[in-house]
Amino acid sequence: MLTIKNLHASAAGREILRGIDLEIKAGEVHAIMGPNGSGKSTLAQVLAGRDLYTVTAGKVLYDGNDLLAMKPEERARAGIFLAFQYPVEIPGVSNLYFLRSAVNSIRKARGLEELDAFDFLQVSDGKMKLLGMDPSFRERPVNAGFSGGEKKRNEIFQMAMLEPRLAILDETDSGLDIDALKTVADGVNAMRSPDRAILVVTHYQRLLNYIVPDFVHVLANGRIVKSGRKELALELEEKGYVGLETTVAY
Amino acid sequence: MPDVIEQQDLYVSSFRALERKFAARDPRWLSRIRQEAIRSFAELGFPTVRDEEWRFTNVAPLTNVMFQAAPDETDSWKGEGLERALAGDSPDIRLVFVNGHYSERFSVIRNRAVGFEAGSLAALLRQKDGALEAHLARYANFRIHPFVALNTAFWQDGAYLRFPKGLVLEKPVQVVYVSTADETPLISSPRTLIVAEREAQATVVESYLGLGPGVCFSNAVTEIVVGENAVLDHYKFQGENERSFHMATSQIYQDRNANYSSGSISLGGALVRNEVNAVLDAAGAECALHGLYLVRGRQHVDNQTTLEHAKPHGSSRELYHGILDDRATGVFNGRVIVRPGAQKTDALQKNRNLLLSPDAAIDTKPQLEIYNNDVRCTHGATIGQLDPEALFYLRSRGIGSEDARNMLVYAFAGDILERVRPAGVRAWIEAAFHARLAQGLSPKEVL
Ligand SMILES: Nc1ncnc2c1ncn2[C@@H]1O[C@H](COP(=O)(O)OP(=O)(O)OP(=O)(O)O)[C@@H](O)[C@H]1O
Ligand SMILES: [Mg+2]
């Protein structure tokens, strides 16, 4: 589904991703772990199309298509979803209006009929309940004044509404207490299916107890320095990233 | 192209040509005022950028155009485009003026309460309403302001609204000034007088619409008296076309505990200036001035407000939001004066601007003149761009770049739009705002 080859990206004249290779197939769950500043979010943002980052080399294929040539909205319509590490606050735009526009622009692109206000409310009612969110969240401006945990839940709620094929979750677990973490993990697991893939970025192995990955990769200094099965996460939890970082040659 | 002095003389001589006609119709007190006003204009002349108050607004493009006063053709006018341009709800009072002339046919006057005057100023002058002489031209100062002077000398007609003591009106009253200019550039001088007597409560929507493709110049003056304990909500919608000129002064006089609020929505012409001056001349008066301007291309919009706190315990709230695209330019000048006797004044002023293009520009400044220590005055001005993170966030959810941009612009405007109280008026203004946005301010494709 997703093939990343020798991806280099920089921002403000500084190289952040220094040759990433990664292959994700439909149905798989991959986890990316790594120390602060190693480039995890940069990778996630580049995949979603953030123009702050310049891709200087390499390519990314999504369903065989050149992902990097697509605009962010085209990627979303093609089924890519990024749950932001730091969801953006947008005062003045209600969650409801925002999300209905998003759902409908994606449905339109897929040749589906747009959801009217009534249907949208019905569908979203169910998903909010699942995530333990109060329906009043819909009326509030997007993320404005939300607590950290509420923002993360709101990201997962959006994912549930948009039904992506490739979901990238950037530190969705950070700042969540254990109950919230379980709810979020349930929400993610409910999405797992043979034709979907999930890429989880996290610092903590804790999340991976609930969203069990097929593969774990360690990102350090802009490169994937180690890949393995889910046991790698446990190993990292015990030993930390020391050693791994230093194996990166300059 | 005539120079400014010649133009000024042209205005004076066209007044000379009209004065007999005016004199035949006007009461004597009014003739005297017109004469004084034209003398004052002859002395003042058109402002130049050397005048402090006009530093950022050059009126040369306006003085270069040879305007004509439209003849009264309201009887033959078919009202093309009018219905569509009006606020949706059916009003009890709607006064329509076409190129400065009252149109009985398109006006609505029904269910009028006893003592409530609503109609054409020119017609009501003939009925010798004492309130008219007491108020007309007593507030907007033609001795210092050239465009107010011109309006005062030349006005043909306009709306007169007098809400008698204690009258509470639910439905907004509509005052509509329409221009139908085609090939010939047309000038009109709409004159509005609104008197809300003690304890009256009303909403007035004053709109300026361009229904013709040509150039018009609306030189408007609105005087508003808000009596003791009266509540007046006033919306002004400026929507002439992008080739037109609009110079308007709203002059508000507030009595004890009077509550006045205004919402000034400007979608811009080629050159637009909205002045709103409120004098809180008795204790406990409250004034809220809200404004929203949206300009693009080479439009220029200038908002000048003066809030004069003359007596104690007054409060004022002022919030103006501006959106400028392309090479459009704007000015916001918010003057707050607190007189020595106005202790316990509470004044707040904010002007926020959103620049959608690197070539758009705004000059914004607060001007505080505080002659009393026992006051609270806060002010702030910001100039910013659309938040690229917010844009990306929206687009990453599948929303197209233009829609994303409009969503953010609309959210920025929402702070002002949500303060428009009557739902029908709000929907109408929102629709006009949306339509302007949807025409594409200037869609920029970004990957
Ligand atoms: N827009 C930018 N301009 C300049 N430097 C940037 C930019 N974005 C990220 N960086 C830098 O690139 C490096 C990688 O950042 P990134 O956010 O991808 O790390 P991360 O692995 O997600 O870290 P964390 O675990 O803290 O979330 C950091 O040193 C960061 O400061
Ligand atoms: Mg990160």
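The values are calculated or read from the model by the stated rules, or taken from the named source; none is laboratory data. Not measured: the values here are computed from a predicted model. Note: ideal-geometry Cβ built from the backbone for every residue, glycine included; neighbour counts use all protein chains shown. Heads up: the accessible areas ignore ligands, DNA and RNA and are worked out on the full protein's heavy atoms, side chains in. Shrake-Rupley method; radii C 1.70, N 1.55, O 1.52, S 1.80 Å.
Remarks
- Screening segment B:210-234 for residues that are open to solvent by 10 Å² or more (accessible area, probe 1.4 Å) and not small (Gly, Ala, Ser) and picking the one that is nearest to B:ASN64 (Cα to Cα) gives B:VAL215.
- The criterion of at least 2 residues that are more than 29 Å from B:ARG421 (Cβ to Cβ) is met by the following strands (runs of 3 or more DSSP E) wholly inside segment B:176-224: B:186-188.
- Matching option when the condition is in contact with a Leu (Cβ under 6 Å, 6 or more places away or on another chain), farther than 30 Å from B:PHE433 by Cβ and touching a residue at least 60 places away in the same chain (Cβ under 8 Å), among B:PHE15, B:PHE46, B:PHE41: B:PHE41
- Any chance B:THR74 is in a loop (DSSP other than H, G, I, E, B) and at pLDDT 95 or above: no
- Residue in segment A:187-198 that is within 16 Å of ligand 2 (Cβ to nearest atom), in contact with a Ser or Thr (Cβ under 9 Å, 6 or more places away or on another chain) and more than 14 Å from chain B (Cβ to nearest Cβ) present: no
- Qualifying residue in segment A:160-170 (condition: open to solvent by 60 Å² or more (accessible area, probe 1.4 Å) and more than 16 Å from ligand 2 (Cβ to nearest atom)): yes
- Filtering A:LEU219, A:LEU232, A:LEU208 for residues that are open to solvent by less than 40 Å² (accessible area, probe 1.4 Å), under 22 Å from A:TYR86 (Cβ atoms) and part of a helix (DSSP H, G or I) leaves a single hit, A:LEU208.
- Some residue of segment B:399-407 being within 30 Å of A:PRO164 (Cα to Cα) and polar (S, T, N, Q): yes
- Residue within segment B:414-424 that is more than 14 Å from every other protein chain (Cβ to nearest Cβ), basic (Lys, Arg) and assigned to a loop (DSSP other than H, G, I, E, B) present: yes
- Of all residues in segment B:394-406, those satisfying the criterion of being surrounded by 22 or more Cβ atoms within 10 Å (Cβ to Cβ) and within 10 Å of chain A (Cβ to nearest Cβ) are B:LEU394, B:ARG395, B:SER396, B:ARG397, B:GLY398, B:ILE399, B:ALA404.
- Against the list (1) closer than 30 Å to B:TYR260 by Cα; (2) within 12 Å of chain A (Cβ to nearest Cβ); (3) open to solvent by 20 Å² or more (accessible area, probe 1.4 Å); (4) not aromatic (Phe, Trp, Tyr), the condition B:LEU391 fails is (1).
- A Cβ distance below 6 Å, combined with a sequence gap of six or more or placement on separate chains, defines the contacts here; from segment A:127-152, residues that are within 14 Å of chain B (Cβ to nearest Cβ) reach residues that are assigned to a loop (DSSP other than H, G, I, E, B) and open to solvent by less than 50 Å² (accessible area, probe 1.4 Å) in the pairs A:ASN143/A:PRO87; A:LYS151/A:PRO87; A:LYS151/A:ASN143.
- When A:ALA185, A:ALA167, A:ALA180 are checked against the criterion of being touching a helix residue (DSSP H, G or I) at 6+ places or on another chain (Cβ under 6 Å), within 28 Å of A:SER10 (Cα to Cα) and either modelled with pLDDT of 95 or more or in a helix (DSSP H, G or I) (or both), a single residue qualifies: A:ALA167.
- Answer from A:PRO91, A:PRO72, A:PRO35 - the residue that is within 16 Å of ligand 1 (Cβ to nearest atom) and under 21 Å from B:TYR410 (Cβ atoms): A:PRO72
- Selection within segment A:11-38 - more than 13 Å from ligand 2 (Cβ to nearest atom), part of a loop (DSSP other than H, G, I, E, B) and within 20 Å of A:ALA167 (Cβ to Cβ): A:LYS25, A:ALA26, A:GLY27, A:GLU28
- Within segment A:39-58, considering residues that are of a type in the set (S, T, N, Q) and away from ligand 2 (no atom under 12 Å from the Cβ), the one nearest to the other protein chains (Cβ to nearest Cβ): A:THR54
- Verdict on B:ASP326 being at positive phi and of a type in the set (Asp, Glu): yes
- Selection within segment A:80-112 - among the hydrophobic types (A, V, I, L, M, F, W, C) and open to solvent by 60 Å² or more (accessible area, probe 1.4 Å): A:ALA109, A:LEU112
- Every condition in (1) within 10 Å of chain B (Cβ to nearest Cβ); (2) surrounded by fewer than 18 Cβ atoms within 10 Å (Cβ to Cβ) holds for A:PRO72 except the one numbered (2).
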